[in-house]
Amino acid sequence: MSDKKQDNNDFEFIKEQVIVKKYKKFKKWILPFLMTVLMAVLFGIIAAATFCITEPRLYKLLHRENQNKTPVTFPTIDPEDEKGPDTEEPGTITKDKDEEKPAKEQTEADVQQPKPVIVEKSIEADINDYITMYDDIKSIAYNSSKSIVKVSSIIKEKDWFGNPVEREVKTTGLVIADMNGELLILVSLDRVKDA
């Protein structure tokens, strides 16, 4: 009899199982997705309109100093010149056409624009001259690298809790003189003034 009671307790007359329909799942996810896409498009339109309105004003504001610069002009070769640049002797100084003007016009031109001085000098060189030049540059760089040193300055501070802390600031310096083992080093003051 006890077995029958246990069987009755395990027996259920109605079993309820809820099945979610697929169109409800789809509806649950499609609405937030469409709202996200709609908000992204709306944000893009507003951002594009804002950039179109503010871009000319920002360009004028940020590039104001570039408008004040004077343009650079290079001297040109006139066909009226009797001698071309190739027919001149090496090591000669060429004169601009403006230098041949009367003195009155020349003083006005000097105020407006400085006169460039062009020095032309031809040197015939081969690969050995090129190698010699780079060897000289290498030796100069090697000799000057001996006088460049790393300088470390230690700054003693206290942290937020009052504990002493040492902070190391590294910079480079230039050895100016060697006075019997004592080196004079040129260093930027702002890097070592707190040490």
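Read the figures in this text as sums done on the coordinates, not as results from a lab. Every value quoted in this text rests on a predicted model; they were computed, and no experiment measured them. Here the Cβ positions follow ideal geometry from the backbone for every residue, glycine too, while neighbour counts run over all protein chains shown.
Put simply, of Ile131, Ile137, Ile148 the only residue that is closer than 22 Å to Asp190 by Cα and hydrophobic (A, V, I, L, M, F, W, C) is Ile148. Scanning segment 170-184 for residues that are more than 17 Å from Asn143 (Cβ to Cβ) and of a type in the set (A, V, I, L, M, F, W, C), we see that the one that is surrounded by the most Cβ atoms within 10 Å (Cβ to Cβ) is Leu184.
In segment 132-165, how many residues are out of contact with any strand residue (DSSP E or B) (no Cβ under 7 Å at 6 or more places or on another chain), within 19 Å of Asp178 (Cβ to Cβ) and exposed (fewer than 10 other Cβ atoms within 10 Å of the Cβ)? Full working, then the answer.
As a first pass, look at segment 132-165 and keep what is out of contact with any strand residue (DSSP E or B) (no Cβ under 7 Å at 6 or more places or on another chain): 132-146, 160-163.
When the remaining residues are screened for being within 19 Å of Asp178 (Cβ to Cβ), the result is 142-146.
With exposed (fewer than 10 other Cβ atoms within 10 Å of the Cβ) added as a condition, the list becomes 142-143, 145-146.
Going through segment 132-165 one residue at a time, the tally reaches 4.
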